[in-house]
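The block underneath contains the structure these notes are about, expressed in structure tokens.
The values are calculated or read from the model by the stated rules, or taken from the named source; none is laboratory data. None of these values were measured; they are calculated from a predicted model. For neighbour counting, all protein chains shown are included, and Cβ atoms are generated from backbone atoms with ideal geometry for every residue, glycine included.
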Amino acid sequence: MSHKAGFVSIIGKPNAGKSTLMNALVGEKMSIITPKAQTTRHRILGIVNTDDYQVVFSDTPGIIKPHYALHESMMHQVEGSIVDADLILLVTDINEEYDEQDVLKKLEKSEAPLAVLINKIDLSNEEEVRTKAAYWQEKLNPKAVFAISALHDHNIKGIFDFVLENLPVHPPYYEKDALTDRNDRFFASEMIRAQVFKQYKKEIPYSTEVIVTAFKEDPKIYRISAEIIVERDSQKNIIIGNKGEMLKIVGTYARREMEEFFQRKIFLEMFVKVIPDWRSKKNYLKKFGYE
Ligand code: GDP
Ligand code: K
Ligand code: MG
């Protein structure tokens, strides 16, 4: 018996359900999920291991036209994951329009086998599913088309079986106990960022970055310090809220998520800092981990 291993790239437009799918496939809350576009800013690996195989899924930012240096970094990460891919899963929302070429152009960078996943079929009907499946078959001639609901775990096993069938014979790329390429600091900052996306409106989530500045692991408690970075003073006031009440809400929910994720008590302190136009400044982007 020969060991299989490979990279499986999950790509698509913003909000198609890529991160929900990734979490369903790996069985962990690895990627943050919110109803807002551009929640995912990095390529995040989720690794599934058995004795016989190692599947390395890449969750990626939704494909958009870049408006900031930040977006350019996000799109480079998508392209990197497509170039590396042994297999590509294109996630589409059954109700989204697909007239422009952004996503399809990116796919031209790879000859890896492709499956189109028509997601959110719980919000649609059989006739629409048939129409969309025929549309994708005609448009991209993929190796397979799946109708799924990532949120309701519908047909996820079918995708996993397809992935295993199409995975190359190869030794493992990572340690066989690795679950991801990201560290605990990254996941802590993502859990705070998820709350920023959920609790604030308009441009606030998009103007915010979260950096974990200290992560101290005591046996019974993790002590975490984080900076919430925004672009303007007015945004800082909104993040903090009247008498600090908004920041307190963010901290409470983020702490709960962390306690579940790390299976530890968490002490969390947060500071809000203004860095004008950080999204357009290459030096800050680099410092924040966007290559
Ligand atoms: P991403 O931007 O492509 O990573 O999408 P997310 O995974 O963050 O999901 C965007 C939104 O779509 C979230 O509110 C999800 O709960 C929702 N969503 C994802 N999959 C499904 C699905 O199968 N059915 C429904 N109804 N909603 C879904
Ligand atoms: K999203
Ligand atoms: Mg996402």
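Tabulated results
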| quantity | calculated |
| --- | --- |
| Residue within the range 208-215 that is outside any helix (DSSP H, G or I), of a type in the set (D, E, K, R), surrounded by 16 or more Cβ atoms within 10 Å (Cβ to Cβ) and touching a helix residue (DSSP H, G or I) at 6+ places or on another chain (Cβ under 7 Å) present | yes |
| Any hit, the range 228-241, residues being surrounded by fewer than 20 Cβ atoms within 10 Å (Cβ to Cβ), touching a residue at least 40 places away in the same chain (Cβ under 8 Å) and under 25 Å from K287 (Cβ atoms) | yes |
| Residue pairs meeting the criteria (Cβ under 8 Å; at least 6 apart or on separate chains; first farther than 10 Å from V91 by Cα and more than 9 Å from ligand 3 (Cβ to nearest atom), in the range 6-22; second charged (D, E, K, R) and not in a helix (DSSP H, G or I)) | G6/D86; F7/D86; V8/D86 |
| Filter pass, I10 being modelled with pLDDT of 95 or more, over 17 Å from F187 (Cβ atoms), of a type outside the set (K, R) and more than 16 Å from ligand 2 (Cβ to nearest atom) | no |
| Complete set of residues in the range 24-64 that are away from ligand 3 (no atom under 16 Å from the Cβ) and either modelled with pLDDT under 95 or not acidic (D, E) (or both) | G27, I47, V48, N49, T50, Y53, Q54, V55, V56 |
| Evaluation of L167 against (1) without any contact (Cβ under 8 Å) to a residue 40 or more places away in the chain; (2) in contact with a Gly (Cβ under 8 Å, 6 or more places away or on another chain) (one fails), failing number | (1) |
